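The values are calculated or read from the model by the stated rules, or taken from the named source; none is laboratory data. Just so it is clear, the structure is predicted and the values come from calculations on it, not from any experiment. Cβ atoms come from the backbone with ideal geometry, glycine included; neighbour counts cover every protein chain shown. Keep in mind that these areas ignore ligands, DNA and RNA; they rest on the heavy atoms of the full protein, side chains included. Shrake-Rupley method; radii C 1.70, N 1.55, O 1.52, S 1.80 Å.
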Protein chains: 2
Amino acid sequence: MQIAPAELEIMNVLWDQPGIGAAEIAEVLASDKNWNIRTIKTMLGRLVEKGALETEAEGRRYLYRPLVKRGDYRRKEARQFVDRMFGGRAAPLVAHLADGKGLSADDIAELEALLGDLKK
Amino acid sequence: MQIAPAELEIMNVLWDQPGIGAAEIAEVLASDKNWNIRTIKTMLGRLVEKGALETEAEGRRYLYRPLVKRGDYRRKEARQFVDRMFGGRAAPLVAHLADGKGLSADDIAELEALLGDLKK
DNA sequence: AATTATCGATTACATTCGTAATCAAAAGAG
DNA sequence: CTCTTTTGATTACGAATGTAATCGATAATT
């Protein structure tokens, strides 16, 4: 299943707060994005259609809940991205992030711990 | 500048072998993709239009050469991806790759070396 | 020289995406 | 009870994408 970038913004809100309605989503996004509530509703419709969200009627409105797990989706996308951009090799990706200052000292420490775990 | 996934396949060929023509690109891609030569030419045209490629006339045909450096493009895309999917944190991305067996033992070794360098 | 193959340029066309507007129904305001 | 607001559903519409076909010019073949 394909989730477009703008749709992902919606998913992110719902992964953080499952079970809210369109209006609440609009509120959460209002600070970052300048989206019309209609735009948000269009994307909610498409996400439901795609099977990424389920709805629960609450009175006259819907509450939305992700059907796709955030971790699963991230994993899939990460792999796809690494395949597309780096021929499937993850190390060059990290190298690029590092090179472009995409890694903070904390990130580096975190990665070291992670690698330590992986070796076991 | 925006390079679509299918276009990226073309760019990858040209990053490996700059200065070849449409027919040669088709040959290289023939093993993986099942693209009509016309499709390849369409994408070449779009890439030139976007400023991702330059052409050099050789007789009646063009030779194509990237104007964008692979490293630069990768860096930009890597950052964009991490921002979109992981809120800008690179460590979780690596964690996901690792978790999904996206990292080979070699990758892990490579990353360790990389992190060693970064700490200095 | 006539025919065919090939080249880049232009055009096509369905699908997805971003960004809404419109519409019918229902709920709330007065 | 009538008017306004709000909701989901349907429709809109241009840009980008994937996937070519057509066209006019030229090069290669016979």
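Scanning region A:90-107 for residues that are buried (at least 18 other Cβ atoms within 10 Å of the Cβ) and facing chain B (nearest Cβ under 7 Å) yields A:ALA90, A:ALA91, A:LEU93, A:VAL94, A:ALA95, A:HIS96, A:LEU97, A:ALA98, A:GLY102, A:LEU103, A:ASP107.
Results for (1) assigned by TED's automatic domain parsing to the domain that holds B:GLU77; (2) within 16 Å of B:LYS69 (Cα to Cα); (3) modelled with pLDDT under 95; (4) open to solvent by 60 Å² or more (accessible area, probe 1.4 Å), shown as yes or no for each residue.
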residue	(1), (2), (3), (4)
B:ASP16	no, yes, no, yes
B:ASN34	no, no, yes, yes
B:ILE37	no, no, no, yes
B:LYS41	no, no, no, yes
B:GLY45	no, no, no, no
B:GLU56	no, no, no, yes
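Quick one: B:LEU44 ticks every box in (1) more than 14 Å from DNA strand C (Cβ to nearest atom); (2) more than 15 Å from A:VAL94 (Cα to Cα) bar one, so which box is it? B:LEU44 satisfies all of (1) more than 14 Å from DNA strand C (Cβ to nearest atom); (2) more than 15 Å from A:VAL94 (Cα to Cα) except (1). Looking at the structure I just gave you, is B:LYS50 more than 16 Å from the chain's Cα centre (by Cα), within 16 Å of DNA strand C (Cβ to nearest atom), modelled with pLDDT of 80 or more and in the same structural domain as B:GLN17 (by TED's automatic domain parsing)? Considered against the rule, which asks whether it is more than 16 Å from the chain's Cα centre (by Cα), within 16 Å of DNA strand C (Cβ to nearest atom), modelled with pLDDT of 80 or more and in the same structural domain as B:GLN17 (by TED's automatic domain parsing), B:LYS50 comes out as no. Being away from chain B (no Cβ under 14 Å), assigned to a helix (DSSP H, G or I), within 14 Å of DNA strand C (Cβ to nearest atom) and in contact with a helix residue (DSSP H, G or I) (Cβ under 6 Å, 6 or more places away or on another chain) is a property that does not hold for A:ILE10. Filter region A:62-75 for residues that are surrounded by 12 or more Cβ atoms within 10 Å (Cβ to Cβ) and either more than 8 Å from chain B (Cβ to nearest Cβ) or of a type in the set (Phe, Trp, Tyr) (or both) and give the result. Correct list: A:TYR62, A:LEU63, A:TYR64, A:ARG65, A:PRO66, A:LEU67, A:VAL68, A:ARG70, A:TYR73.
Search region A:58-89 for residues being small (Gly, Ala, Ser) and closer than 27 Å to B:VAL13 by Cα, and hand back the single one that is modelled with the highest pLDDT.
Our first condition is that a residue be small (Gly, Ala, Ser); within region A:58-89, this holds for A:59, A:71, A:78, A:87-88.
Restricting the remaining residues to those that are closer than 27 Å to B:VAL13 by Cα gives A:78, A:87-88.
Numbers: A:ALA78: 90, A:GLY87: 87, A:GLY88: 84.
Among them, the one singled out is A:ALA78.
Residue-by-condition table, conditions (1) within 16 Å of DNA strand D (Cβ to nearest atom); (2) charged (D, E, K, R); (3) without any contact (Cβ under 8 Å) to a residue 24 or more places away in the chain:
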site	(1), (2), (3)
B:LEU14	yes, no, no
B:MET43	yes, no, no
B:GLY51	yes, no, no
B:LYS69	no, yes, yes
B:ARG75	no, yes, yes
B:GLN80	yes, no, yes
B:LEU111	no, no, yes
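A quick yes/no check of all residues on (1) within 14 Å of DNA strand C (Cβ to nearest atom); (2) over 15 Å from the mean Cα position of the chain (by Cα):
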site	(1), (2)
B:ALA4	yes, no
B:PRO18	no, no
B:GLU27	yes, yes
B:TRP35	yes, yes
B:THR39	yes, yes
B:GLU54	yes, yes
